[in-house]
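To start, the structure under review is shown below, and the notes come after it.
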Amino acid sequence: MQLRYNYRLYPDAVQRRALAQAFGCARVVWNDCLRARREAHAAGLPYLTSAPLSRALITQAKRTEARAWLAEVSAVVLQQSLRDLDAAYRNFFDSIKGKRKGPKVAPPRYKSKKDSRQSIRLNSNAFSLQDDGTVYVAKVGNIKVAWSRPLPTAPTSLTVTKDAASRYFASFVVDTEPDILPQLDTEVGIDLGLATFAVLSDGTKISSPKFLRRAEKKLKRLQRDLSRKVKGSKNRAKARIKVARQHAKVADRRRDWHHKASTRIIRDNQAVYVEDLAVSGLGRTRLAKSVHDAGWSAFVAMLEYKAVKHGRYLGKIGRFEPTSQVCSACGVKDGPKPLHIRMWTCGACGTVHDRDDNASKNTLAAGRADRLNALQSAGKTRTKVPAQHVEAGSHRDGQPTVAGIPGPWVREHVNGAEPQ
């Protein structure tokens with residue numbers, strides 16, 4: 001499997017200028033190629049492939065006076081920018097045709113030098129790891145890296161990014177084998193919430209740290225200082241960076257906490273079941289700030305790729321499953337209940353339920369039922385499903401089991417790995 005390892009970079013002043021030039025050249029190539037394809041589409045011409053675009057807008061453009069500065073950066077950076085544009089178009093077309101699952105993907109847009117995130121991507125021909133602990137980037141130099149952990153294998157690609165807080169990061173992609181953990185007999189259902197971040201079916205309750213709420217007082221002061229600065233002034237730029245750094249601290253703390261909690265859950269349970277929440281819809285309600293502060297999507301994504309990495313199973317039940325309405329003791333549906341009702345008594349069996357604890361138990365039962373139905377129908381429909389927990393270590397042919405679904409780009413707390 002492919003994992004992504006992130007490290008903090010500390011370029012000097014000369015290297016920062018070289019990286020800024022590389023960011024700008026990659027952005028110009030992206031915009032020029034995107035403009036050419038849009039104009040061809042508007043004129044009714046066939047889709048322009050990458051080969052003629054590379055010749056006209058990279059190779060030949062370097063020989064013109066208007067784009068001669070493209071030759072001052074690595075050619076790999078320019079070619080990778082065009083490949084990224086091809087990937088963006090491919091995702092857009094696959095989304096339209098229904099080949100790509102999930103939300104619809106919008107067509108590529110023009111990039112701006114004012115974007116909060118700037119990046120370049122390089123293959124192994126344009127970078128190398130040095131013996132002194134630095135990383136060499138073509139036409140930039142040897143950049144100092146904070147190696148928080150070693151790379152398991154030689155990286156195949158490198159992405160250098162600059163975020164809104166003016167921090168630089170190196171993201172290496174490596175090919176590695178899954179780290180299968182010993183098999184367990186425990187399974188758990190998780191009910192995600194706001195007051196209590198997560199309630200597990202085994203009775204464990206994980207309190208919500210509310211990182212954004214705790215930082216609101218300082219963020220409010222920094223935002224007020226930013227609003228009072230003259231637009232376009234240097235003081236406003238400094239104030240903007242202060243706000244961005246505070247937001248970055250909040251995001252880093254939340255991400256680190258998510259990694260620790262998700263790693264603990266994956267290591268302690270062979271199978272984990274969660275509800276498929278409509279976070280994008282909840283983010284448009286009056287609870288939007290609390291929903292985004294909790295970071296449910298990022299947490300579930302970490303559970304997904306860690307299940308793949310460690311040979312665990314992650315199941316998602318339907319978002320319309322009435323986990324808060326059904327008695328986990330007798331199975332009687334007792335009807336919907338407002339959010340302010342945290343304790344209720346079943347009218348059929350008289351069991352007193354904690355709302356979240358009851359929902360987590362129902363999540364576990366629904367997840368087990370869905371998994372059993374999938375296993376029973378797999379032979380009839382020829383659908384590939386993850387192995388049962390008694391076989392989760394390997395297939396019978398000796399190949400490692402892949403359980404769960406890989407998630408988006410997120411950092412791994414243990415071993416510092418990310419899915420690619």
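The lone criterion from (1) outside any strand (DSSP E or B); (2) modelled with pLDDT of 95 or more; (3) under 16 Å from D191 (Cα atoms) left unmet by R267 is number (3). Looking only at residues in region 36-76 that are part of a helix (DSSP H, G or I) and touching a residue at least 60 places away in the same chain (Cβ under 8 Å), which one is most open to solvent (accessible area, probe 1.4 Å)? Taking the candidates together, the pick is E72.
Residues in region 270-284 that are open to solvent by 10 Å² or more (accessible area, probe 1.4 Å) and either of a type in the set (S, T, N, Q) or under 18 Å from the mean Cα position of the chain (by Cα) (or both): D276, L277, A278, V279, S280, G283.
Looking at G331, G283, just one residue is small (G, A, S) and on the phi > 0 side of the Ramachandran plot, and that residue is G331.
In summary, K113 fulfils each of the numbered conditions (1) surrounded by 15 or more Cβ atoms within 10 Å (Cβ to Cβ); (2) of a type in the set (D, E, K, R); (3) modelled with pLDDT under 95 with the single exception of condition (1). When V274, V230 are screened for being free of Cβ contacts under 8 Å to residues at least 12 places away in the same chain and among the hydrophobic types (A, V, I, L, M, F, W, C), only V230 passes. In region 231-241 there is no residue that is open to solvent by less than 90 Å² (accessible area, probe 1.4 Å), within 19 Å of the chain's Cα centre (by Cα), small (G, A, S) and over 23 Å from T323 (Cβ atoms). Among the residues of region 290-333, those that are of a type in the set (D, E, K, R) and either buried (at least 17 other Cβ atoms within 10 Å of the Cβ) or out of contact with any Asp or Glu (no Cβ under 7 Å at 6 or more places or on another chain) (or both) comprise D293, E304, K306, K309, R312, K316, E321, K333. Got at least one residue in region 190-197 being among the aromatic types (F, W, Y) and open to solvent by 20 Å² or more (accessible area, probe 1.4 Å)? No, the conditions are met nowhere in region 190-197.
Out of the residues in region 169-189 that are within 19 Å of H310 (Cβ to Cβ) and under 21 Å from the mean Cα position of the chain (by Cα), which is least open to solvent (accessible area, probe 1.4 Å)? Per the criteria, the residue is V174.
The values are calculated or read from the model by the stated rules, or taken from the named source; none is laboratory data. None of these values were measured; they are calculated from a predicted model. Methodologically, a virtual Cβ is constructed for each residue, glycine included, from the backbone with ideal geometry; neighbour enumeration extends over all protein chains shown. When the accessible area is computed, the model is the full protein with side chains, heavy atoms only, and any ligands, DNA or RNA have been set aside. Shrake-Rupley method; radii C 1.70, N 1.55, O 1.52, S 1.80 Å.
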